[in-house]
Amino acid sequence: MNNLNFIYYLYNLLFMNNIEKEVYDIFNKKKYIKFRKKINIVDVGCYKGQFSLSLSKKFDKKSLNKMKFYLIDPNNKHKNYYKKNLNFNYQFFNYAIDDKPESKKIFYINNFYEASGSSLKGDSFKDNKYMKSRTIIKRFLNPINWSSKMVIKKNVSTINIYDFCKKNNLDYIDILKIDTEGTEVDIIKGLKKYNKKISIICIEIQGNKNKIMKKIDFVNKALKKDFKLVYKKRIWIASFLTDIQSYDFIYSRVLGVCFLKDFPA
């Protein structure tokens, strides 16, 4: 395990919420496995697929055989990592997800630690405290290459969830996980009527401390008709030496598993 992989492992172990366990418990409580011949799990902002990998390990072999994981990320550099480390049924899609039809946009990548701050909007990099503190941490952990750029830009393909599902003949989603470092409102807007075809939404909502409540209110209002908020917990590490706040939310469909057969018009 190289230094950055070890940092990522330690970072998740010490500072991140055990969201996979929460999703698994909700999924089991609703008994979704009994109602499906196939379980569709969409991991938006998958990075190295850690959420999907951790979740997959919680299911027995019989249940896992029903599952297909759709891994979505605008950075395709980890494809070989997936092949070596992900031993479940998955397909990788090289997209950034937003609210617009398929197009091309600029994606901002944290050149030191991709899992933190990389997004279509690059909001983290607009936070002075974030940039100063992470530059210091970068110098400490990577003294040889500390002078390299913190942020690099990349042209990526984008699509919204509604069009993605239609394009890939995905009639429903059992679990939708969203972790896109600040663009979650756009993704929720891009669901259109497809939110009626989703059973569980697991979403990280992140933003400046002065704007975060507006984002949370938008997501709550957008989902309240079809979903119940069943889990909320702050991710405290996101606020360490920054003006950023971040929360994990899980929404569960009010009427249980989604049985709609036709793709929403």
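Starting from the residue with the highest accessible area, list M150, M131 in decreasing order, probe 1.4 Å.
M131, M150
To the nearest 10 Å², what's R36's accessible area with a 1.4 Å probe?
The value for R36 is about 20 Å².
What residues qualify as long-range amide H neighbours of T180, i.e. H under 5 Å apart, gap of 5 or more or another chain, H built at 1.01 Å from N?
Hits under the 5 Å cutoff: E204.
Can you compute 3J(HN,Hα) from phi for each residue in segment 80-90, using the Karplus curve 6.51 cos²θ - 1.76 cosθ + 1.60 with θ = phi - 60°, rounded to whole Hz and x for Gly and Pro?
Result, ordered by residue: 5, 4, 4, 4, 7, 10, 9, 9, 10, 6, 9 Hz.
I'd like the distance between the alpha-carbon centres of segment 209-223 and segment 74-118, rounded to an integer number of Å.
25
Taking H as built 1.01 Å from N, whose amide H comes closer than 5 Å to the amide H of K66, not counting residues under 5 places away?
none
Quickly rank 57-67, 197-207 as a protection proxy: mean count of other C-beta atoms within 10 Å, highest first.
197-207, 57-67
Using 0.36 nm times the number of residues separating S239 and K196, minus their current alpha carbon distance, what extension gain do you get?
Between S239 and K196, full extension yields 12.1 nm more.
Using a 1.4 Å probe on the protein heavy atoms only, what accessible surface does L86 show? Give it in Å² to the nearest 10.
10
For Cα pairs less than 8 Å apart in space and 6+ apart in sequence, what is the mean separation divided by the residue count of the chain, i.e. the relative contact order in percent?
Computed value for the chain: 19 percent relative contact order.
Any idea what the dipole of segment 60-132 comes to, in debye rounded to 20, about its Cα centre with Lys/Arg Cβ at +1 and Asp/Glu Cβ at -1?
280
Accessible area per residue, 1.4 Å probe, Å², for the chain: what's the number?
Spelled out: the 1.4 Å probe surface of the chain, per residue, equals 53 Å².
Report the local net charge at D243: Lys and Arg +1, Asp and Glu -1, summed over other residues whose C-beta lies under 14 Å from its C-beta.
+4
In the chain, carbon and sulfur make up what percent of the accessible area (probe 1.4 Å)?
In the chain, the share of accessible area belonging to carbon and sulfur is 53 percent.
So what J values fall out for segment 238-247 if you push phi through Karplus, 6.51 cos²θ - 1.76 cosθ + 1.60 with θ = phi - 60°, rounded to Hz, Gly and Pro as x?
5, 8, 5, 6, 9, 9, 9, 10, 9, 9
From the list [x] 1, 4, 7, 8, 7, 7, 7, 8, 9, 9, 9, 8, 7, 5, 3, 2, 1, 0; [y] 1, 5, 9, 12, 13, 14, 13, 12, 9, 7, 3, 1, 0, 0; [z] 1, 6, 13, 18, 20, 19, 13, 7, 3, 1, 0, 0, can you say which value of P(r) over Cα pairs in 5 Å bins from 0, in percent was derived from the structure given?
[z]
Using modelled backbone amide H atoms (1.01 Å from N, in-plane), which distant-in-sequence or interchain residues come within less than 5 Å of L120's amide H?
For L120, whose amide H was placed from the backbone, the distant partners under 5 Å are Y108.
Whole-Hz Karplus ³J(HN,Hα) for segment 154-162, in order, using 6.51 cos²θ - 1.76 cosθ + 1.60 and θ = phi - 60°, x for Gly and Pro?
9, 6, 10, 7, 10, 7, 9, 4, 4
Nearest 5 percent is fine: what portion of the DSSP beta bridges confined to the chain is antiparallel?
55
The values are calculated or read from the model by the stated rules, or taken from the named source; none is laboratory data. Quick caveat, the model's predicted, so the values are computed rather than measured. Please note: Cβ atoms are built from the backbone with ideal geometry, for glycine as well, and neighbour counts cover all protein chains shown. Heads up: the accessible areas ignore ligands, DNA and RNA and are worked out on the full protein's heavy atoms, side chains in. Shrake-Rupley method; radii C 1.70, N 1.55, O 1.52, S 1.80 Å.
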